[in-house]
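Scroll down for the structure; my scribbles are underneath it.
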Amino acid sequence: MKQNPNDVFHVLKRAVAAACATLVWVQPTAAARPADIDLAGNSIKTLTLKPTSEPAESEQGCTPDRQLCIELVAQTKEAPPILKIRPAAGQDAGAQLELRDLQTDALWDNRRSLALWPFAVRLAAPDQGMLVGVSEDVSTMYSGGGGSFSTLHLLQVFPKGSGFEMREVLALPLASSLMIRACFSERDYADRRGACHDEYSFSSTIKLDKSVTSGFPRLIYRTRATSFPGPVSRSRDSLGKRLRKKDIATVVDRACTFQRLLTRQPDSGAYMPDKPIPACEEYLEP
């Protein structure tokens, strides 16, 4: 997605390049490297998120030193969602890009929303820009329960020509939480020892592979999936099964608890896992 060129882009390009350069500004020694930087100099910065008032549901995230601020401007009737990047506090210049691939035709549909990922990946080479994330969140209701599902869209924002471009380099399940009613009578309540909902939870983290010594970062994607009570399944009827005391526990689903190494593909710029990622429909399908 590319902005229309105009005179201000020369200022914007210098500003974003300055932001990237600022983030490289102090190179710690190898012995003092924090956990969120690799040997090539790529690093993950934590963003402190806060809502902004206009338009409603917009959000801003800044690094603690405010050397980088990212704003997600919510979609309106007149415009798609917009991502703004301001390189430093007090500077007006920055990148502004439309997220047309993430807009929806149903503005009234409160089951879907966008949010900032609370991290940004600063790339070691300033001319490669940075990686920022947008979480696409979907919620749904069930009879006596509900669920929420989040997908991370990782975007590379980089200077090109007189402006900026943005491309999606990764889309991954980020998190989910489901609660499904499982008691419809007093007998069900007794059979299930009061555990009247089946619960499913999926969470994930993305870290840097700190062994990378040059080029783009390699990412480590770790997940954890659990169910309660015991190893329940959305594809099997929970009724009619008498639970034992030891069944009233949260258990880890090993098939959907895994680690993948994500490596950038030189031809496309996209990140690909070293092994296929399981579908995990129990956790990730509304």
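Quick look at the numbers
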read-out	value
Sequence-distant residues sharing a close amide H with Phe164 (under 5 Å, placed H)	Gln3
Carbon + sulfur, % of accessible area of segment 116-160 - ligands and nucleic acids excluded, 1.4 Å	60 percent
Cα-based Rg of segment 204-266 normalised by 2.2 N^0.38 Å, two decimals	1.72
Carbon/sulfur fraction of accessible area - segment 189-286, other protein chains in place, 1.4 Å, %	50 percent
In Å², nearest 10: area of Cys62 left accessible to a 1.4 Å probe	10 Å²
Dimensions in Å of segment 100-220 - Rg and Dmax from alpha carbons	20.4, 70
Accessible-area ranking of Arg242, Arg260, Arg100, Arg112, largest first, probe 1.4 Å	Arg242, Arg100, Arg112, Arg260
Entries in Lys160/Lys207; Lys210/Lys246; Lys207/Lys246 that, when Cα-Cα distance is taken, lie over 31 Å	Lys210/Lys246; Lys207/Lys246
Average accessible area per residue (Å²) across segment 113-229 - probe 1.4 Å, nucleic acids and ligands excluded	40 Å²
Highest-first arrangement of 119-125, 225-231, where packing means the average Cβ count within 10 Å	119-125, 225-231
Amide hydrogen neighbours beyond the local backbone of Leu68, cut-off 5 Å, H modeled	Thr63
Rg over Rh [alpha-carbon atoms, Kirkwood Rh] for segment 128-286	1.12
Neighbour net charge for Gly61 - beta-carbon separation under 9 angstrom, K R +1, D E -1	-1
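The values are calculated or read from the model by the stated rules, or taken from the named source; none is laboratory data. Note that the structure is predicted; figures quoted are calculated from it, not measured. Virtual Cβ from ideal backbone geometry, glycine too; neighbours counted across all protein chains shown. We work out accessible area using only protein heavy atoms, side chains counted, and drop any ligands, DNA or RNA first. Shrake-Rupley method; radii C 1.70, N 1.55, O 1.52, S 1.80 Å.
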